[in-house]
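Inspection log for the structure reproduced underneath, given as structure tokens.
The values are calculated or read from the model by the stated rules, or taken from the named source; none is laboratory data. On a predicted model such as this, the values are computed, not experimentally measured, just so you know. Methodologically, a virtual Cβ is constructed for each residue, glycine included, from the backbone with ideal geometry; neighbour enumeration extends over all protein chains shown.
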DNA sequence: TTTCATTGCGTAATTTGGACACAAAGTTCG
DNA sequence: CGAACTTTGTGTCCAAATTACGCAATGAAA
């Protein structure tokens with residue numbers, strides 16, 4: 001995928017599964033804030049979700065993994081599809097024609113990039129500090145944005161982002177979250193802040209700890225986080241085996 | 001969509017969004033059994049999920065609605081997409097070529113029907129007794145099957161069915177279910193049987209009633225179901241307003 | 001050394017959930 | 001026609017989970 005932009009826009013017809021794309025909502029967590037990785041599109045200066053096309057013989061999940069890897073430099077990312085956005089009007093013909101013009105790609109009305117596109121939305125959870133944001137061929141910037149400060153995005157990407165957050169909140173209710181967003185070692189307050197940020201509400205410190213510990217997926221280490229201007233909190237890490245088990249079995253369920 | 005089969009298979013290239021289909025897992029409930037609506041494919045005598053293609057300027061959800069309407073005769077069906085199946089190997093080239101041959105459709109290697117297909121899975125909840133199963137152009141039978149007795153299906157349709165059931169169980173944990181599967185008036189034991197069937201396990205009669213009533217989405221009527229060989233149970237119906245509200249807000253959630 | 005914010009640990013009150021008892025209702029059987 | 005049988009309506013008891021706090025301990029900063 002290191003072809004020049006023109007190659008891709010010209011050869012897309014032959015390379016990609018037609019009328020289909022993937023878009024990734026990449027979540028990170030830093031300084032008690034939930035972040036999203038966004039791209040600034042060339043020429044049009046609009047921010048957008050990282051996305052891409054699916055190669056003719058490529059698994060859809062692999063395509064999303066490829067996008068993720070190339071935007072963050074990370075492998076083994078937690079990734080989950082959450083919704084297909086398939087309204088006919090979501091990809092704007094005129095907008096894309098304008099873009100081709102600005103990119104000086106020769107085209108006519110039947111150009112593959114101008115046809116209707118559906119997009120499959122994925123959300124990904126990554127460890128903020130180990131990711132290395134990298135723009136792609138269509139963008140000249142790749143940066144983390146605070147969830148609260150995300151600007152108006154290209155096409156229906158704001159809607160996709162909203163739906164991703166909704167899916168993430170739903171996951172929180174029946175599966176553990178954190179292994180993919182936090183460093184290997186973390187404190188209980190850090191984990192709590194993560195939950196509070198995703199849920200958008202405050203939780204009681206003591207009850208949070210108790211509930212989290214009953215899930216039996218955490219290991220308390222003998223270390224503490226030092227250098228803080230108060231009592232040093234213990235460090236924890238996830239028990240990998242039990243964490244994976246909880247991911248599969250679910251945490252509770254209601255019935 | 002009342003063209004002859006040949007028309008569709010020959011004109012597909014022009015009519016449909018390329019390389020993309022929808023498949024519907026249509027659930028019904030009858031005689032305390034969860035049922036699925038299946039089609040018997042012509043010529044090959046294999047059962048399959050009802051599905052179809054998406055018209056070039058059609059919303060994906062509308063395409064699924066169209067499939068549902070034409071298989072059951074029903075409008076206003078509860079319908080929800082749950083997963084995109086996008087492995088390259090899922091649509092078998094040789095299998096489809098064989099099918100074209102049997103249908104006596106003239107084709108070469110570039111025929112649209114032979115390309116790779118992704119499919120978006122939907123599940124639907126319908127009231128068994130008001131649905132009228134109807135085969136489509138590709139099938140010579142359309143019947144309800146007990147979930148436990150579903151045979152080996154075409155392509156990856158068994159996998160799609162499994163995933164649909166999983167999605168349905170998940171929905172049960174955070175949203176009410178029943179309005180779409182039961183008649184307007186129903187008894188508490190009937191509702192309970194529905195839940196038990198979906199979950200695949202027995203529930204305590206008295207605790208079930210208490211929990212269900214606390215959701216505050218049911219209205220008890222002054223009528224009873226008569227003609228049964230025991231005490232006549234009360235009839236209930238869903239309070240439409242509160243039911244919709246519960247659908248949107250979720251029932252509990254864990255956090 | 002005192003102050004201050006925060007952590008670790010704990011307790012009481014309340015709510016929810018699971019297991020079960022019993023009387024009432026309606027058909028069926030003797 | 002009444003006894004037997006099955007199932008429903010309602011309620012209780014107890015354990016587990018959830019919520020709302022209290023308080024001493026810790027470690028940097030004042």
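Every condition in (1) outside any strand (DSSP E or B); (2) surrounded by fewer than 17 Cβ atoms within 10 Å (Cβ to Cβ) holds for residue A:113 except the one numbered (2). The residue list A:220, A:206, A:210 contains one member that is at pLDDT 95 or above, loosely packed, with under 13 Cβ neighbours inside 10 Å and touching a strand residue (DSSP E or B) at 6+ places or on another chain (Cβ under 8 Å), which is A:220. Among residues that are within 14 Å of chain B (Cβ to nearest Cβ), in contact (Cβ under 8 Å) with a residue 40 or more places away in the chain, part of a helix (DSSP H, G or I) and surrounded by fewer than 20 Cβ atoms within 10 Å (Cβ to Cβ), residue A:80 is not included.
Taken over segment B:22-60, residues that are within 14 Å of chain A (Cβ to nearest Cβ), in contact (Cβ under 8 Å) with a residue 24 or more places away in the chain and surrounded by fewer than 19 Cβ atoms within 10 Å (Cβ to Cβ) amount to 2. Would you check which residues across segment A:17-37 are within 21 Å of residue A:200 (Cα to Cα) and assigned to a strand (DSSP E or B) and list them? Listed by number, the residues that qualify are A:25, A:26, A:27, A:28, A:29, A:30, A:33, A:34, A:35, A:36, A:37.
For segment A:119-150, a residue qualifies if it is part of a loop (DSSP other than H, G, I, E, B) and under 16 Å from residue A:33 (Cβ atoms), and the qualifying residues are A:126, A:127, A:131, A:133, A:150. I'd like the residue in segment A:196-212 that is touching a helix residue (DSSP H, G or I) at 6+ places or on another chain (Cβ under 9 Å) and over 16 Å from residue A:30 (Cβ atoms) and, out of all such residues, is farthest from DNA strand D (Cβ to nearest atom). Result: A:200.
Test residue A:200 against the stated conditions and say whether it is in contact (Cβ under 8 Å) with a residue 12 or more places away in the chain, within 14 Å of chain B (Cβ to nearest Cβ) and at positive phi.
The answer is no for residue A:200.
Residue-wise test of (1) within 14 Å of chain A (Cβ to nearest Cβ); (2) within 11 Å of DNA strand D (Cβ to nearest atom).
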{"site": "B:146", "(1), (2)": "no, no"}
{"site": "B:150", "(1), (2)": "no, no"}
{"site": "B:154", "(1), (2)": "no, no"}
{"site": "B:158", "(1), (2)": "no, no"}
{"site": "B:170", "(1), (2)": "yes, no"}
{"site": "B:176", "(1), (2)": "yes, no"}
{"site": "B:184", "(1), (2)": "no, no"}
{"site": "B:194", "(1), (2)": "yes, no"}
{"site": "B:223", "(1), (2)": "no, yes"}
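Need the failing condition index for residue B:8 against (1) out of contact with any helix residue (DSSP H, G or I) (no Cβ under 6 Å at 6 or more places or on another chain); (2) surrounded by 17 or more Cβ atoms within 10 Å (Cβ to Cβ); (3) not in a helix (DSSP H, G or I), just the number. Of everything listed in (1) out of contact with any helix residue (DSSP H, G or I) (no Cβ under 6 Å at 6 or more places or on another chain); (2) surrounded by 17 or more Cβ atoms within 10 Å (Cβ to Cβ); (3) not in a helix (DSSP H, G or I), residue B:8 misses just condition (3).
Being at pLDDT 95 or above and buried (at least 19 other Cβ atoms within 10 Å of the Cβ) is a property that residue A:161 has.
Quick grid of which residues meet (1) within 16 Å of DNA strand C (Cβ to nearest atom); (2) closer than 24 Å to residue B:244 by Cβ; (3) touching a residue at least 60 places away in the same chain (Cβ under 8 Å); (4) over 15 Å from the mean Cα position of the chain (by Cα):
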{"site": "B:156", "(1), (2), (3), (4)": "no, no, yes, yes"}
{"site": "B:159", "(1), (2), (3), (4)": "no, no, yes, no"}
{"site": "B:179", "(1), (2), (3), (4)": "no, yes, yes, no"}
{"site": "B:183", "(1), (2), (3), (4)": "no, yes, no, yes"}
{"site": "B:192", "(1), (2), (3), (4)": "yes, yes, no, yes"}
{"site": "B:196", "(1), (2), (3), (4)": "yes, no, no, yes"}
{"site": "B:208", "(1), (2), (3), (4)": "yes, yes, no, yes"}
{"site": "B:218", "(1), (2), (3), (4)": "yes, yes, no, yes"}
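Which members of segment B:220-230 meet the condition of being more than 13 Å from residue B:186 (Cβ to Cβ) and within 11 Å of DNA strand C (Cβ to nearest atom)? B:226, B:227, B:228, B:229, B:230, listed by residue number.
If you go through segment A:83-110 and keep only what is part of a loop (DSSP other than H, G, I, E, B) and facing chain B (nearest Cβ under 10 Å), you end up with A:86, A:87.
Filtered by the rule that a residue be within 14 Å of another protein chain (Cβ to nearest Cβ), under 23 Å from the mean Cα position of the chain (by Cα) and free of Cβ contacts under 8 Å to residues at least 12 places away in the same chain, segment B:226-255 gives a lone residue, B:248.
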